[in-house]
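Asks: My structure is below; once you've seen it, I'll send some questions.
Just so you know, all these numbers are worked out from the coordinates, no wet-lab data involved. Because the structure is a prediction, the values reported are computed rather than measured. Note that each Cβ is placed from the backbone with ideal geometry, even for glycine, and that neighbours are counted across all protein chains shown.
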Amino acid sequence: MTSSKKSVFGIVFMTIFLDMVGFSIIFPLFPAMLDHYLFLEQSLGDGVLSKFVHWAGSLGNYAKVQNSGFHLETVIFGGVLGSLYAVLQFVFAPIWGGLSDRFGRKPILIFTLLGTALGYFLWIMAGNFWLLVISRVVGGMAGGNISVATAAIADVTSREKRSKGMAFVGIAFGLGFVLGPAIGGLASQWDWSGSELVIFGMHPFSAAATISFCLAVINLLWLAVGFSETLPHDKRTQSTTFLPAVCKMSQVTSPDARRTCLTYLFYMVSFSGMEFTLTFLAVERFSFSPKDLGEMFLLIGGTLILVQGVVVRRFVNRMGERNMAHLGIFLGFFAFIMIALADSFSFFYPGLFLMSSGVALISPTLTALTSLSSRDSEQGVNLGIFRSCGSIARSIGPISAGLIYFTYGSSVAYILGAIWLVFPALVLLTVKQSAGSKELVSA
């Protein structure tokens, strides 16, 4: 691998890692954040957050949730903020991807990383609830640059090695998913709101925001100095549209690229819903402490990294992307059934391992299939649509799964999540295995 290509891989890795840190760092902070901003708001009189909590408390099964150690308003509060971030990624991923197809990857990455840093900077000083919301809005908009980063990997990898390159992207996702909650949990122990810094709007979560901001600045400087443009002028397109993924799906010229995007959308609705409710299931059934939850996320993220770094990279050329993605869906189906029925660790932890292995197989292979089914001039747009499908799924899945969980219970939620995986499996059957891989296994 040339030094230029290594630089591209390193910067893209850092960019995607930061996007996942930004998405997940807030997960362990939701309960304390609600209490903090609710207290501030109530000291000034009831506001929108107070009304929101009152509404959440009026929903069914609230008593059951409280008796189980849950706070329903926290779940919905977290779901709304998480969905807001995901919806903005969904809207802006094809925009950044399309602009990068026209103007090149580097200027769009620089612009969006400036937005990422700004979002974290606003969070550092988010002394009131609305500044917190604005910081998440800015971060979510900039977080759509995953499509540009993925397109840059496609630019510098051959079609034969595209899946291996996308597995590298998957490792960045997994590592960000592991370290994001860990950074948030660790930094929550440093409360700057009681110091003289409070006059600048510092709050109990400013330390987590500061760490994220510093990482974003390092990434931005590294990109500005070390990143070489990966899209030549002769491969750029002059037509750029700014419609979100759902509106642009029909404009994707490759039928297989459309179907892989749809497969990813269906799959991620189920996975993101189960992922979001997993912490509540662990507390409900096994009385997990925050430390236990941290170890659970380490298991999930570690499995993602291991499977994508070893299994996908070594065996995708022999097995083929489509077959490997089908295996991932198959593993996810059995994982959700095992977790639904788990009343002991002997079922729960193997279920977590299978769930993590499933998504580790699916994400890079579907990304590669989308890329391999797209012309060079459409890489940014099509991969932007692909990532947008994941983002909109992450805005639908957590809220839907949470409502099912607290209405019918965790077992029903996970069984329905398993049944839902039939849909992506059927859509994937209609996708042709790309000629970009060697030694393909026909299916």
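Asks: Highest mean first, how do 258-267, 396-405 rank when packing is the count of other Cβ atoms within 10 Å averaged over residues?
Replies: 258-267, 396-405
Asks: Can you give the extra length, in nm with one decimal, that the chain gains between THR407 and LEU114 once fully stretched, where that is 0.36 nm per residue apart less the Cα-Cα distance?
Replies: Details: separation 293, 0.36 × 293 = 105.48 nm, distance 4.18 nm.
Length gained, THR407 through LEU114: 101.3 nm.
Asks: By how many nm would the segment from ARG318 to LYS51 lengthen if fully extended, with 0.36 nm per residue of separation less the alpha-carbon distance?
Replies: Numbers: separation 267, 0.36 × 267 = 96.12 nm, distance 5.62 nm.
Full extension of this stretch gives 90.5 nm more.
Asks: Next question. Given the convex hull of the Cα atoms of segment 76-155, what is a quarter of its surface area in nm²?
Replies: 5.2
Asks: Here's another thing I want to ask about it. What list of ³J(HN,Hα) couplings, whole Hz, do you get for segment 270-281 from phi and the Karplus terms 6.51, -1.76, 1.60, once you set θ to phi - 60° and write x for glycine and proline?
Replies: 5, 5, 5, x, 5, 4, 5, 8, 4, 5, 6, 5
Asks: Separate question: In nm², what is the average projected area of the convex hull enclosing the Cα atoms of segment 300-421? Show your work: numbers first, answer last.
Replies: Numbers: hull surface 32.7 nm².
Computing the convex hull of the Cα atoms and averaging its projections yields 8.2 nm².
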